[in-house]
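Provided herewith is a single structure, encoded as structure tokens, for subsequent inquiry.
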Amino acid sequence: MNSNLIKKLASYLWDIPIERCSSPQNDYLEVVWCNGRKMLNTKEANFSFGNGYKVFAMAMKHIKEPIRQANNVLILGFGCGSILHLLEKKYTYNRTLVGVEYDTDIIRLYKEHFATDYHSNPQLHVQDAAKFMESNDASFDIVFIDLFCELENSWLLESQDFLTHLKNACSANGILVFNTTTTNTVGENIVFNLQKWLTTHFKTVSKIPFQEFNQILIAQKPHEKPNV
């Protein structure tokens with residue numbers, strides 16, 4: 001029995017550390033075996049393959065057909081690839097995938113500990129999500145937004161400029177999928193205002209509760225009307 005298999009089995013009893021490091025963006029990062037799966041954690045939160053993985057697994061159940069039809073997908077908050085895992089392993093998505101992650105060390109951890117599990121070769125950008133969207137001129141059929149500051153929603157969810165860039169990056173019938181949290185009044189207000197903004201700019205907007213605090217927002221852009 002090889003050492004990785006032993007660690008994987010032991011991780012059902014307790015977390016098995018693989019690597020710990022720090023970065024300018026995160027003073028504590030760790031990759032561990034947990035419940036038979038590699039996971040990325042920060043000091044306060046799970047970044048990949050924990051609760052967020054379950055959130056997007058739930059979200060994707062509501063957009064199965066759009067995933068099958070999508071030609072290009074953008075992930076803002078790539079982490080160590082949990083959304084990639086769902087797309088490839090559960091929906092056999094094998095077309096264009098672009099990932100944006102602001103922490104160089106997280107991308108390094110992905111490449112060293114996770115990337116070999118996948119056939120996909122995503123186009124990865126080590127960049128702040130706001131700056132990426134400012135300079136982006138591509139359109140996407142689905143955009144996943146998984147942006148947090150530890151356990152709180154990113155301030156970008158309150159930025160009109162950022163939200164406008166997201167809307168403009170959607171293809172004719174594109175979809176935005178947000179993972180958000182409502183652990184306090186501030187979070188509740190952010191999600192309320194985000195949903196309100198989406199409702200004024202998208203054809204359909206759905207809010208799906210997940211467990212106690214997460215709220216999934218799914219917005220689909222209307223077809224553009226041709227000029228006559």
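Read the figures in this text as sums done on the coordinates, not as results from a lab. Nothing here was measured: the structure is a model prediction, and the numbers come from that model. Cβ sites come from the backbone with ideal geometry, for glycine too, and all protein chains shown count toward neighbours.
So, in Å, what gap is there between the alpha-carbon centers of region 153-209 and region 17-62?
Result: 23 Å between the Cα centres.
To the nearest 0.05, how large is the calculated FRET efficiency for Gln123 and Asn4 if R₀ is 22 Å and r is the Cβ-Cβ distance? Spell out each step's value before the answer.
Working: r = 29 Å, r/R0 = 1.30.
With a Förster radius of 22 Å, E is 0.15.
Nearest 500 deg cm²/dmol is fine: what mean residue ellipticity at 222 nm does the chain get from its DSSP H runs of n ≥ 4 alone, each adding -39,500 (n - 2.57), divided by its residue count? Intermediate results must be reported in sequence, preceding the final value.
On the way: 8 runs with 73 residues, N = 228.
That calculation yields -9000 deg cm²/dmol at 222 nm.
Enumerate the whole-percent occupancy of each 10 Å bin, from 0 to the last occupied one, for all C-alpha pair distances of the chain.
8, 33, 38, 17, 4, 1, 0
For the pair Glu112 and Tyr91, what calculated FRET efficiency results from E = 1/(1 + (r/R0)^6), where r is the Cβ-Cβ distance and R0 = 25 Å, to the nearest 0.05?
Once the sixth-power term is evaluated, E becomes 0.45.
How high is the relative contact order of the chain? Use alpha-carbon pairs under 8 Å, at least six apart in sequence, and give a whole percent. List each step's numbers first, then the result.
Details: 401 pairs, mean separation 32.8, N = 228.
The value is 14 percent.
If you don't mind, there's one more thing I want to ask. How would region 102-228 be classified by its alpha-carbon gyration tensor: rounded, prolate or oblate, with rounded meaning a/c under 1.5 and the a/b versus b/c comparison settling the rest?
On the way: a/c = 1.78, a/b = 1.15, b/c = 1.54.
Since a/c reaches 1.5 but b/c is at least a/b, the shape of region 102-228 is classed as oblate.
Among Asn184, Leu86, Ser3, whose Cα sits farthest toward the positive end of the charge dipole of the chain (+1 at Cβ of Lys/Arg, -1 at Cβ of Asp/Glu, about the Cα centre)?
Ranked along the dipole, the leading option is Leu86.
Work out from phi, with θ = phi - 60° and the Karplus expression 6.51 cos²θ - 1.76 cosθ + 1.60, the ³J(HN,Hα) of each residue of region 151-156, listed in order in whole Hz, and give x for Gly and Pro.
Values per residue, Gly and Pro as x: 9, 10, 4, 5, 4, 4 Hz.
Below 8 Å between Cα atoms, with a sequence gap of 6+, how large is the relative contact order for region 12-130 in percent?
Numbers: 182 pairs, mean separation 23.2, N = 119.
The normalised contact order for region 12-130 reaches 19 percent.
Can I ask one more? For the pairs Lys8/Lys54; Lys61/Lys89; Lys38/Lys64; Lys167/Lys203; Lys167/Lys196; Lys38/Lys131, flag any whose C-alpha to C-alpha distance is greater than 22 Å. It would help to have the intermediate numbers written out before the result.
Details: Lys8/Lys54 20 Å; Lys61/Lys89 14 Å; Lys38/Lys64 25 Å; Lys167/Lys203 12 Å; Lys167/Lys196 14 Å; Lys38/Lys131 30 Å.
Correct reply: Lys38/Lys64; Lys38/Lys131.
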